[in-house]
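Everything below concerns the one structure shown next.
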Amino acid sequence: MPRRRRRPQPLRPTAIIKRLVREAPLTPWRPSHDPVTELVLTLLSQNTSDTNSGRAFQQLLKRYPDWDAVLDAPVDELEDAIRPGGLAPTKARRMQALLAQLRERLGPDWDASRLAEMPIAEAKSWLTELPGVGPKTAACVLLFSLGRPALPVDTHVHRVAQRLGLIGPKVAAVPAHDMLEGQLPAERYYDFHVALIRHGRRVCHKQRPSCAECVLLDRCPGADAFVTE
Ligand code: SF4
């Protein structure tokens, strides 16, 4: 009869990154889009694949010359433009609500570069006070657009961090942001985020993770649910 394996001690986040990077190097951080574009892209990426949201984003760029045009477009026309990204009626309305707030705050040049200068807590609040923007989206904008110390916790990061014992099984994604940020130096947030997303996509799947192929197996408490000795 198979025996349950002995529960291992969790690895520290920096040690997790080290193992995952040894397996395959990470793409170094490069500034992505400006903050407004990153906000729109993140909204489009909700509940769909990167391919579909990328297609919706390309169509949006093709149809509208600037954010003012997106904001002022008839909503059904905007829905049509972003349809490949799914949930078009919801996303079109959310996008216009978001852009309306941004134009009011940023003025006609849509320049959000002030986020690069604000203290990080203030920058997070500035973003999460926008409609439809939670801690994950705020962290994506700060990290990817501006290289600021914020750690986005998406579904993969959340699941893998729980299985690896970095956060408890009942900790929701929102509080996980502060809990995980507190466990590693700010300059490693990007590596941790990218390494865990990649691991979640390739190995630590939601259903039936490939624990036998996982470089973290010997130190993963969560693997107890999937493997026996
Ligand atoms: S050992 Fe299994 S559960 Fe743990 S991180 Fe690896 S794939 Fe995920």
- Task: Answer rounded, prolate or oblate for the range 145-208, using the Cα gyration tensor with square roots of eigenvalues a ≥ b ≥ c: rounded when a/c is under 1.5, else prolate when a/b is larger than b/c, else oblate.
- Result: oblate
- Message: Over the chain, what is the relative contact order in percent, taking alpha-carbon pairs closer than 8 angstrom and at least six residues apart?
- Response: 30
- Per-residue HN-Hα couplings for the range 156-163 [Karplus 6.51, -1.76, 1.60; θ = phi - 60°; Hz; x = Gly/Pro]: 6, 4, 4, 5, 5, 5, 5, 5
- Using Cα pairs closer than 8 Å and at least 6 residues apart in sequence, work out the relative contact order for the range 35-146, in percent. 31
- Which Cα, out of L146, P8, A121, lies furthest along the positive dipole direction of the range 1-152 (beta carbon charges, K/R +1, D/E -1)? P8
- Note on the structure: Any lysines whose Cα falls less than 17 Å from that of K124, other than same-chain ones fewer than 8 residues away, would be K136
- Cβ-defined net charge surrounding A24, 10 Å radius [Lys, Arg +1; Asp, Glu -1]: +2
- Mean Cβ-within-10 Å packing, highest first, puts peptides 83-91, 26-34 in the order 83-91, 26-34
- Message: Suppose the chain between T155 and E122 were pulled fully straight at 0.36 nm per residue; how much longer would it get relative to their current alpha carbon spacing?
- Response: 9.4 nm
- the chain - charge dipole about Cα centre, Lys and Arg +1 at Cβ, Asp and Glu -1, debye rounded to 20: 1620
- For the chain, with equal point scatterers placed on the C-alpha atoms only and solvent neglected, what are the log10 I(q)/I(0) values from the Debye formula at q = 0.17 1/Å, to two decimals? -1.20
- Where does helix 189-202 land angle-wise versus the long Cα axis of the chain, in degrees 0 to 90, nearest 10? 70
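Taken together, the values in this text are just the output of simple stated rules run on the coordinates, not laboratory data. Note that the coordinates shown come from a computational prediction; the quantities given were computed from them, not determined experimentally. Every residue, glycine as well, gets a Cβ built from its backbone with ideal geometry; the counts of neighbours run over all protein chains shown.
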